[in-house]
1. Whole Å is fine, so just give me how far the alpha carbon centre of the range 344-393 lies from that of the range 304-343.
2. Could you work out the relative contact order of the range 249-344? I mean the mean sequence separation of Cα pairs under 8 Å and 6+ apart, divided by the number of residues, in percent.
3. For Asp47 and Val30 in the same chain, what is the full-extension length gain: residue separation times 0.36 nm, less their Cα-Cα distance, in nm?
4. Write down the percent of antiparallel bridges among all DSSP beta bridges whose residues are both part of the chain, to the nearest 5.
5. Determine the sum of side-chain charges near Arg316: Lys and Arg each +1, Asp and Glu each -1, restricted to other residues whose C-beta is under 12 angstrom from that of Arg316.
6. For Lys398, which lysines qualify as cross-link partners when the Cα separation must be under 16 Å and same-chain residues fewer than eight apart are set aside?
7. Nearest 10 degrees, 0 to 90: what angle lies between the long axis of helix 332-341 and the longest principal axis of the chain (Cα atoms)?
8. Report the calculated FRET efficiency for Leu289 and Ala417 (r = Cβ-Cβ distance, R0 = 30 Å), to the nearest 0.05.
Amino acid sequence: MTVFINARLIDPETLTDTLGWLHVDEGVIVATGTGPAPQDASAETIDCGGKCLAPGIVDLGVKVSEPGERHKESFASAGRAAAAGGVTTMVTRPDTLSAIDTPEVLEFVERRAAMDAIVNVKHMSALTKDRAGHEMVEIGFMKDAGAVAFTDCDHVVENTKVLGRCMTYARSLGVLIIGHPQEPTLSKGAAVTSGKFASLRGLPAVSPMAERMAVDRDLAMVEMTGVKYHFDQLSTARALPALERAKKNGLDVTAGVSIHHLTLNEYDVGNYRSFFKVKPPLRSEDDRLAMVAAVASGVIDIISSMHTPQDEESKRLPFEEAASGAVALETLLPAAMRLVHADQLTLPELFRAMSLNPANRLGLNCGRLSVGAPADLVLFDPEAPFVLDRFKLRSKSKNTPFDGARMQGKVKGTWVAGTRVFDA
């Protein structure tokens, strides 16, 4: 038994931030309240010192490079990074080598995760075989094997007939499809967002309309099939009105945004800084502010790290040739705290998007502080300042755009099912 006392309880369900206590027994939250905590001589007491205690982050869209590229990230290293970042559940992507598209490969990664990761791991399956967009995977078998969602990640299914069949079958089984909203022909080969800055830098660019076009197509397909659908990451203001209309019309659709598109913009690329190359590319400041407002209003449901490890050899290249992606399991929370310190989001709103909403979308019981929920918790100091040193990150790959950045918000402890997995 453990009692957390003198804690700022960040509750994303009630959207409250109150000083109180929380009681954990056998890995489950059994009581919570304000005022003096009940006395129990047999319980371990943890004095939180007025720091924030929140539900552990549920990170939807983590790339762990097993199988195929274990030198970039393993389940062991990703688990350590997640724990240090307050992430208690990683939901991993299937864009591995080879893709996670058969029950056998899914069983392999489940076994590796269970052995090596110190946090919870849930797995997504590819939607089509080898993520090639031609032939649907065995969705029923993959669901039975433990897949929590189906996605081809950044390989957009171009053939609408194939996509329609996948959606219809997924609808009959009640499973979630996750799509990447980019019109594939327009966005192919693009490194930045089109505009004056891209022209001055001489870099291949893509219009924000490529995202809007893909959102419109996918929403039409969702309306046709009635499938449960989630956009992995929106990044442009032009995509938001269609999403808002779809929700008002009753479509079962949600959307996410990456922490990088909430905290960085196109000018951060600067003089071809390849650690700022992500997919989709960083957008204008107006788009960034629109994304923040959409999270605050609930139009965008989920904030995720989109953790994508890349080794030095694939990043230390000319910007156009460099690999896309950034590691973010450890930087997700301190980067998100920038929005709180700027008074753009409250802490309960932030954890609604990082913990509660992703758990709800996947049908998980975590991501909340309510009685009966698993004791997946993060204790953090929202004010603690530090300068990020990428070489101290626990991920195998160090490709973060926040290297040398001044940040606020340090994780002090992380618990998974009541067991401490990180202690600062």
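1. 18
2. Numbers: 125 pairs, mean separation 33.5, N = 96.
Contact order relative to length: 35 percent.
3. On the way: separation 17, 0.36 × 17 = 6.12 nm, distance 1.78 nm.
So the chain would gain 4.3 nm between Asp47 and Val30.
4. Numbers: 32 of 64 bridges.
Close to 50 percent.
5. Details: positive: Arg273, Lys277, Lys315, Lys398; negative: Asp311, Glu312, Glu313, Glu321.
Value of the local net charge: 0.
6. Lys63, Lys72, Lys277, Lys315
7. Once rounded, the angle reads 80 degrees.
8. Values: r = 38 Å, r/R0 = 1.27.
With a Förster radius of 30 Å, E is 0.20.
The values are calculated or read from the model by the stated rules, or taken from the named source; none is laboratory data. Model, not experiment: these values are computed from the prediction. No Cβ is skipped: glycine too gets one built from the backbone with ideal geometry, and neighbour counts run over all protein chains shown. Ligands, DNA and RNA are excluded from the accessible area calculation, which covers all protein heavy atoms including side chains. Shrake-Rupley method; radii C 1.70, N 1.55, O 1.52, S 1.80 Å.
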